[in-house]
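Q: Sharing a structure below in structure tokens format, with a few things to ask.
We did not get these values from a lab; they are worked out from the coordinates using the rules stated. As the structure is a computational prediction, the values presented were derived from the model and not from experiment. No Cβ is skipped: glycine too gets one built from the backbone with ideal geometry, and neighbour counts run over all protein chains shown.
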Amino acid sequence: MINYNNKIFKPVSNTENGETSNETSFHYKQEGNILTSEYSGGKIVKGHLIGLVDGAGNIEMRYHQVNEKGELMTGFCTSKPEILASGKIRLHETWQWTSGDLSKGNSILEEQ
């Protein structure tokens, strides 16, 4: 199992309807198969996520965040890890808002 504890991730790409950017920083914590993160930066004032990590390192998560417009946004996401030649982790994410327009998107995060 991949252990995400104390790793920092930043988005390297996101679809236009997403709020994260390369200014957003995710600080992951993991206990057993439970993953949590606080994140902020760019359009996001403050956010949290909670998820479950399976044996292959895939993550199923839910998130909520307050954006710079003062809106509370929520959604769910699945992340599939890729181990880079450097040993760092790249996460391929598919997500959907459960607030706002309920649209879907894709993003890629990389370990810093």
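Q: Which of the residues that make up the stretch 80-97 are loosely packed, with under 13 Cβ neighbours inside 10 Å and more than 16 Å from Ile59 (Cβ to Cβ)?
A: Leu84, Ala85, Ser86, Gly87
Q: In the stretch 10-46, which residues are surrounded by fewer than 20 Cβ atoms within 10 Å (Cβ to Cβ), within 17 Å of Gly75 (Cβ to Cβ) and of a type in the set (Asp, Glu)?
A: Result: Glu16, Glu38.
Q: Related question: I'd like to verify a number: residues in the stretch 98-112 that are of a type in the set (A, V, I, L, M) and either within 14 Å of Thr78 (Cβ to Cβ) or surrounded by 15 or more Cβ atoms within 10 Å (Cβ to Cβ) (or both), how many?
A: Result for the stretch 98-112: 2.
Q: Further question: Select, from Gly70, Gly51, the only residue that is surrounded by 15 or more Cβ atoms within 10 Å (Cβ to Cβ), over 13 Å from Gly18 (Cα atoms) and not polar (S, T, N, Q).
A: On the way: Gly70 fails: surrounded by 15 or more Cβ atoms within 10 Å (Cβ to Cβ).
Testing whether each residue is surrounded by 15 or more Cβ atoms within 10 Å (Cβ to Cβ), over 13 Å from Gly18 (Cα atoms) and not polar (S, T, N, Q) leaves just Gly51.
Q: Now for a separate question. Count, please, the residues in the stretch 26-36 that happen to be of a type outside the set (Phe, Trp, Tyr) and in contact (Cβ under 8 Å) with a residue 24 or more places away in the chain.
A: Initially, the stretch 26-36 is screened for residues of a type outside the set (Phe, Trp, Tyr), giving 27, 29-36.
Okay, now just the ones that are also in contact (Cβ under 8 Å) with a residue 24 or more places away in the chain, so 29-31, 33, 35.
Final tally of qualifying residues: 5.
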